[in-house]
Amino acid sequence: MGIFSARWKEPSTCEACGEKFVCGATLAGCWCSEVKLSEAARAELRRRYQKCLCRNCLERFAAER
């Protein structure tokens, strides 16, 4: 486990689906950095959302692009 432990983090709410999730960010990275997105897809996400999406929504978004 990384330096930041998920068990100490407060759940976030996904802006796309409304589900609660815990951010996976650590100093070693995050699962969201593993999802392959084009620059255009990243720009679209920035336009549509201000906060993080859950893993399911981010992976679904990537698969649709």
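The values are calculated or read from the model by the stated rules, or taken from the named source; none is laboratory data. Note that this is a predicted model, so its numbers are computed, not measured. Quick reminder, even Gly has a Cβ in these numbers, built from the backbone with ideal geometry, and neighbours come from all protein chains shown.
Scanning region 21-34 finds no residues that are assigned to a loop (DSSP other than H, G, I, E, B) and modelled with pLDDT of 90 or more.
Restricting attention to region 17-44 and to residues that are among the β-branched types (Val, Ile, Thr) and within 11 Å of the chain's Cα centre (by Cα), the residue that is farthest from Arg65 (Cα to Cα) turns out to be Val22. List pairs: first residue in region 41-65 and under 20 Å from Gly24 (Cα atoms) and surrounded by 13 or more Cβ atoms within 10 Å (Cβ to Cβ), second residue among the β-branched types (Val, Ile, Thr) and at pLDDT 95 or above anywhere in the structure, Cβ distance under 7 angstrom, at least six positions apart or on different chains. The qualifying pairs do not exist here. Of all the criteria given as (1) over 14 Å from the mean Cα position of the chain (by Cα); (2) at pLDDT 95 or above; (3) not β-branched (Val, Ile, Thr), the one not satisfied by Phe4 is (2).
Might you check whether a residue that is at pLDDT below 95 and over 13 Å from the mean Cα position of the chain (by Cα) occurs anywhere in region 45-56? No - not one qualifying residue is present in region 45-56.
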